[in-house]
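Reviewing the structure listed below.
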Amino acid sequence: MLRSGRYTPKSGEGTSSFNISGLLMVIITLNVFAFSPVLGQLKEHDHIENLAVFPFDARGVSEIEALAITDRIRYYVQNSENYNVIERDKMNVILKEQAFQLTGLCLESECLVEAGKLLAVTKMIGGSVTKIGKLYSIEARIIDVESGQIIKSTFEDFDGPIELLLTNIAKLVAGRLIGGIIKDENLLKGDADLIVSSEPPGGSIYIDGSPIGAITPFTIRGISSGKHVVKVEKDNLVSRQNVDIFAGDIKSVRLNLSEKYYTLKIHTEPPGAEIRINGDVLYGETPSDVQLPREYSDSVEVILELDNYVIEKSYVYLGEQDIIRLSSILEPAGKININDTPTKKGTEVYIDGEKAGITPYSDNHLSMGKHKIRVLSDITEEDYEVEIVITAEKREVNLYPSFKKKQGVLNVAVEPDASLIFIDGNFAGNSPLEGGKIFWGEHTIEVKKKGFYKNKLRVKVFQNEPLSYRFSLKPKSKKRAVLYSFLLPGSGQGYSGNDTRGLSFIMINAFTIGGAIYSRIQYNTASDQYNSDRNAYEKARTAEDIEFWLNSSRSSFDNADRKKKITDGLTGLAGLIWFYTIIDAYISFPKIDLGGGFSSGKEGIEFLSHVGSTESGIGIIMEF
């Protein structure tokens with residue numbers, strides 16, 4: 001019977017004392033180890049991390065085949081001595097006790113992390129074995145249980161018998177996951193020899209993905225029979241070849257090394273998507289095999305773009321793989337069109353908080369669902385904001401942003417007074433203009449008056465204070481107006497500012513000159529006819545012919561004489577109009593009062609209000 005306190009032995013039982021509490025601790029410790037078969041295994045090496053390999057998912061292969069490949073990967077990882085690997089049977093016992101489902105998909109990181117916590121390990125390996133047609137693929141990843149992050153992943157394709165997938169590719173996958181070399185104890189236990197050479201020589205030799213520590217040329221003695229993959233690598237050059245070796249063979253292979261490339265096998269559904277690598281570099285359309293030089297970094301950004309589908313961006317880890325497969329099912333997209341605003345072109349467009357471009361804007365890669373559209377303008381009282389919804393039934397949205405523009409005050413004085421003022425081509429009034437309203441933004445102010453050269457000013461208005469300008473117009477010359485009308489009737493009136501009058505003179509003069517030319521041509525034709533009839537009359541011999549040609553000559557003479565009078569009349573009229581336009585250019589030239597600051601006869605613009613910078617005040621560009 002055990003009691004608390006010290007046990008005193010009876011006579012004959014000895015003199016040593018026994019601590020009851022110590023005995024209890026021993027019993028408890030023994031039970032912990034007895035009922036925790038995994039703990040003793042995982043604590044064997046405290047400095048090595050504990051790892052478990054979860055059964056790989058079977059896709060197109062049987063569960064037995066996927067389990068065999070899982071066991072082979074577990075075997076290679078365990079033999080690497082990098083981790084303490086929990087045995088499969090013990091892992092199954094623990095997970096079943098915790099009611100954890102071992103069948104079905106467990107490819108997501110969350111599932112593997114949950115299993116790892118139940119197994120008390122720090123790392124988990126999971127993945128899948130897939131067969132499509134004759135091609136096998138093994139996808140595997142190693143996950144940190146504490147953080148849930150993927151430490152490393154690999155994807156290996158193999159076109160061959162599943163036996164080699166089990167013996168060769170599983171070893172390669174394990175090696176890439178743990179970052180070490182998996183030693184193949186059976187590789188050099190055969191009775192065949194393999195002579196490996198390369199051009200150029202001096203390349204490192206790999207058999208079935210593992211280096212053998214030799215360079216070309218080299219003879220591998222005692223290689224096992226069967227199918228092997230021979231690879232030779234030197235600097236940035238590489239080559240590989242599949243060989244079949246039979247027992248007792250002495251086989252020779254020679255590899256011509258070429259520049260290393262990564263091959264991205266990219267496929268999309270639907271096909272035809274543009275492929276861009278690291279931004280704007282276009283590599284054709286899907287489906288496509290994209291070759292990338294080895295100079296690329298460990299990862300590249302792949303952008304897949306197809307009209308009316310959402311642009312897909314993904315980062316592809318390159319690592320040591322030569323062939324990487326990327327398959328994507330593109331998501332249908334909608335289209336948005338944002339037109340220029342009536343108040344300003346080129347306003348900034350933001351979609352869901354990110355700058356998308358400027359108006360006019362169009363995008364046919366907008367994902368389904370709700371989106372917040374914002375059109376910014378620095379010249380309006382508020383921005384344009386709207387929420388749109390893209391659905392399968394309504395995949396295109398057209399927007400016409402409208403703003404309430406800010407207004408400033410404009411004062412314009414012109415010398416001489418009563419000049420015409422135009423803003424952006426629209427008549428704004430006669431000078432002086434006071435208290436005129438002008439929207440924020442870019443504008444063209446133009447002033448005109450008959451007898452003066454017009455003046456233009458382009459401004460950027462971004463302030464609320466009144467803006468005041470005074471224009472001085474340069475007078476035109478009356479002598480120049482006369483000269484212009486002398487050279488081209490009516491042009492002097494246009495120069496003076498009498499545009500309608502000048503155009504009328506030009507049209508009348510053109511009509512009379514054109515009529516005179518036309519009549520002259522008709523006169524020449526009638527004159528030729530008269531000369532012809534006259535010659536025929538002179539050659540006539542019979543009384544009948546003489547009488548006929550005499551009448552014809554008289555008729556053609558009368559016609560020619562009539563044409564000549566019309567020609568002379570129109571020519572004289574054109575001359576009179578030409579002379580009149582010269583006189584009119586002098587008489588109708590506007591009266592110019594050169595008083596009030598025109599002593600120099602020069603034009604100019606004076607700014608009467610404070611002029612700030614082009615960002616916060618007024619930006620000025622003058623045109624003459």
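Keeping all protein chains in place and using 1.4 angstrom, which order do Ser419, Ser204, Ser224, Ser327 fall into by accessible surface area, from largest down?
Values: Ser419 0, Ser204 50, Ser224 25, Ser327 95 Å².
The most accessible residue leads, giving Ser327, Ser204, Ser224, Ser419.
In straight-distance terms, cross-link reach from Lys355 covers every one of the lysines whose alpha-carbon lies under 19 Å from its own, apart from those fewer than eight places away in the same chain; here that gives Lys313, Lys335, Lys344, Lys345, Lys370, Lys372. Using the Cβ-Cβ distance between Phe422 and Asp568 with R0 set to 30 Å, the FRET efficiency works out to roughly 0.05. For region 365-473, the solvent-accessible area works out to 52 Å² per residue, with a probe of 1.4 Å and every protein chain left in place.
Rolling a 1.4 Å probe across the protein heavy atoms gives region 503-571 an accessible surface of 71 Å² per residue.
Over 16 Å apart: what share of the alpha carbon pairs of region 195-280 falls there, rounded to a whole percent? It works out to 59 percent of all Cα pairs. With coordinates expressed along the principal axes, the C-alpha atoms belonging to region 346-471 extend over 65, 27, 19 Å, beginning with the largest. Sorted from greatest to least, the principal axis extents spanned by the alpha carbons of region 485-591 come out as 76, 17, 15 Å. Given their separation in residues at 0.36 nm each and the Cα-Cα distance between them, Ile64 and Ser504 gain 148.3 nm when the chain is fully extended. What's the long-distance tail for region 387-448, i.e. % of Cα pairs beyond 16 Å? Distances greater than 16 Å cover 59 percent of the Cα pairs. At an R0 of 41 angstrom, the distance between the Cβ atoms of Leu376 and Lys450 translates into a FRET efficiency of 0.40. Each of Lys134 and Asn430 was given a label point 7 Å from its Cα along the Cα-to-Cβ line. The distance between the two points is 9.6 nm. Going by accessible surface with a 1.4 Å probe and the largest first, Phe155, Phe548 read Phe548, Phe155.
Distance from the Cα centroid of region 346-374 to that of region 517-583 is 78 Å (rounded to whole angstrom). About its Cα centre, the dipole of region 529-596 is roughly 60 debye, where the only charges are +1 on Lys and Arg Cβ and -1 on Asp and Glu Cβ.
Estimated from the Cβ-Cβ distance and a Förster radius of 60 angstrom, the FRET efficiency linking Asn82 and Lys394 is about 0.60. Computed over Cα pairs, the Kirkwood radius of region 212-255 leads via Stokes-Einstein (1.567 mPa s, 4 °C) to a diffusion coefficient of 112 µm² per second. In this model, which of Lys405/Lys437; Lys152/Lys265; Lys90/Lys117; Lys450/Lys478; Lys437/Lys460 are farther than 18 Å apart at the alpha-carbon? Pairs exceeding the cut-off: Lys152/Lys265. Dipole orientation for region 497-563: of the candidates Ser555, Asn524, Thr542, Asn524 has the Cα lying most toward the positive pole (charges on Cβ; Lys, Arg +1; Asp, Glu -1).
Provide the net charge surrounding Lys437, with neighbours chosen by a C-beta distance below 11 Å and charges set as Lys +1, Arg +1, Asp -1, Glu -1. Mind showing how you got there, number by number?
Working: positive: Lys405, Lys406; negative: none.
Here the count lands on +2.
Computed extension length for Ile546-Lys265: 90.8 nm, one decimal, from 0.36 nm per residue of separation with the Cα-Cα distance subtracted.
Within region 107-179, list the GluC sites (Glu not before Pro) lying in a DSSP loop whose Cβ has at most 15 other Cβ atoms in a 10 Å radius. List each step's numbers first, then the result.
Values: sites: Glu108, Glu110, Glu114, Glu139, Glu146, Glu156, Glu163; in loops: Glu108, Glu146.
For GluC sites (Glu not before Pro) across region 107-179 that sit outside H, G, I, E and B with at most 15 neighbouring Cβ atoms in 10 Å, the list reads Glu108, Glu146.
The values are calculated or read from the model by the stated rules, or taken from the named source; none is laboratory data. Predicted model only: the values in this text are computed from it and were never measured. Glycine also receives a Cβ, built like all others from the backbone with ideal geometry; neighbour counts cover every protein chain displayed. The accessibility values were calculated without ligands, DNA or RNA, using every heavy atom of the protein model including side chains. Shrake-Rupley method; radii C 1.70, N 1.55, O 1.52, S 1.80 Å.
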